[in-house]
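First up is the structure itself, then whatever we jot down about it.
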């Protein structure tokens, strides 16, 4: 699945000239380490294409796994609590 996500995300950024990509992970209850590692690479690709990534919905168990493994997405993406909060902030910023 992560390979499909990688392909679709990078293609969409290029084709649609996406500047900000919000990725909601609230449905991802569990990620194996190789998936987390690959996801980190996808975030690097997103950044290399000049797109800002915002992650929402990170669950406590996933965050715990990441911090105990020394993995952080902070350098590659901004993090927010919920998709609803992120969309509200994004829409308010773009109204100005």
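Among the residues making up segment 13-39, those that are over 21 Å from residue 81 (Cβ atoms) and in contact with a strand residue (DSSP E or B) (Cβ under 8 Å, 6 or more places away or on another chain) are 13, 19. Does segment 6-13 contain any residue that is surrounded by 14 or more Cβ atoms within 10 Å (Cβ to Cβ) and within 17 Å of residue 74 (Cβ to Cβ)? For segment 6-13, residues surrounded by 14 or more Cβ atoms within 10 Å (Cβ to Cβ) and within 17 Å of residue 74 (Cβ to Cβ): absent.
Do we find a residue being at positive phi and touching a residue at least 24 places away in the same chain (Cβ under 8 Å) anywhere in segment 26-48?
Start the filter on segment 26-48 by keeping residues that are at positive phi, which leaves none.
Scanning segment 26-48, I find no residue that is at positive phi and touching a residue at least 24 places away in the same chain (Cβ under 8 Å), so the answer is no.
Look at residue 42 and say whether it is surrounded by 13 or more Cβ atoms within 10 Å (Cβ to Cβ) and more than 25 Å from residue 85 (Cα to Cα). Here the answer is no, as residue 42 does not meet what is asked. Against the list (1) surrounded by fewer than 14 Cβ atoms within 10 Å (Cβ to Cβ); (2) out of contact with any helix residue (DSSP H, G or I) (no Cβ under 7 Å at 6 or more places or on another chain), the condition residue 69 fails is (2).
Quick one: would you say residue 23 is under 10 Å from the mean Cα position of the chain (by Cα) and modelled with pLDDT of 90 or more? So residue 23 passes the test.
The values are calculated or read from the model by the stated rules, or taken from the named source; none is laboratory data. The shown structure was predicted, so the numbers you read here are calculated from the model rather than taken from an experiment. All Cβ positions, glycine included, derive from the backbone under ideal geometry; neighbour counts span all protein chains shown.
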